[in-house]
Amino acid sequence: GLWLVSSSRHVRYANGKESLVNDIEQTVKFISKFEGFSAEPYLDSGGIATIGFGSIWRLNGTRVHISDKPISFERATVLLTRQIRYFERKIEELVVVPLNENQRTALTSICFNIGGGNFQSSTFRQKLNRGDYVGCANNFWQWRRAGGKIVKGLVRRREAERLLFLDSDGGYRK
């Protein structure tokens, strides 16, 4: 099926810069499809304590611990939404070329998964900032490891992010 993309909106940052920000619904659906939901804390494929939809941070800003109490689906959604907005701002700071909504969703997904520091130092971001959109997307595959091992789920996720990034028709296919 096709998930229709809701329209983006313009926001003005404190520095006066205006930007297009995704309707968060597409990004939540895309990321949660790969992360899945767990009320209980668990160790992800990289051995990092995680909860909800792949969150490593609690609402109070501290790291999740394996001994944490379970959280509700609603609280997990709040955590996911907060992290998506954080990575949208990170992308805004670190990307100098225009992006469409699918590109923003794909980048937010990969940033959510690899972290802002890895995004900042990534080859795919460097390619993107040189205007090489295809080269950027075709470089996502380099981020398919956890704990030094190739993870099938990350291979699938990177390919889905690549296809979404390169899809400009305004829709996300499951």
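Here is how the numbers come out for the structure above:
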item: Count - residues of segment 36-55 that are assigned to a strand (DSSP E or B) and under 14 Å from residue 78 (Cβ atoms); result: 4
item: Test: residue 169 is out of contact with any Leu (no Cβ under 7 Å at 6 or more places or on another chain) and at pLDDT 95 or above; result: no
item: Condition met for residue 133 (at pLDDT below 95 and not charged (D, E, K, R)); result: no
item: Odd one out for residue 148, checked against (1) within 24 Å of residue 25 (Cα to Cα); (2) at pLDDT below 95; result: (1)
item: Close pairs from segment 101-125: first over 12 Å from residue 85 (Cα atoms), partner open to solvent by 20 Å² or more (accessible area, probe 1.4 Å) and at pLDDT below 95, Cβ under 6 Å, at least 6 apart; result: 101/5; 101/8; 102/167
item: Residues (under 17 Å from residue 125 (Cα atoms) and acidic (Asp, Glu)) located in segment 67-110; result: 88, 92, 93, 101
item: Unmet requirement for residue 115, which otherwise passes all of (1) within 22 Å of residue 24 (Cβ to Cβ); (2) in contact with a Cys (Cβ under 8 Å, 6 or more places away or on another chain); result: (2)
item: Residues (free of Cβ contacts under 8 Å to residues at least 60 places away in the same chain, polar (S, T, N, Q) and out of contact with any Leu (no Cβ under 6 Å at 6 or more places or on another chain)) located in segment 22-65; result: 32, 38, 50, 60, 62
item: Residue 33 surrounded by fewer than 16 Cβ atoms within 10 Å (Cβ to Cβ), of a type in the set (Lys, Arg) and either in contact with a Lys or Arg (Cβ under 8 Å, 6 or more places away or on another chain) or modelled with pLDDT of 95 or more (or both); result: yes
item: Spans of helices (runs of 4 or more DSSP H) in segment 57-166 with at least 1 residues of a type in the set (Lys, Arg) and buried (at least 22 other Cβ atoms within 10 Å of the Cβ); result: 101-114, 152-166
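The values are calculated or read from the model by the stated rules, or taken from the named source; none is laboratory data. Note that the structure is predicted; figures quoted are calculated from it, not measured. Backbone-built Cβ (ideal geometry, glycine too); neighbour counts: all protein chains shown. All accessible areas refer to the heavy atoms of the entire protein, side chains included, with ligands and DNA or RNA removed. Shrake-Rupley method; radii C 1.70, N 1.55, O 1.52, S 1.80 Å.
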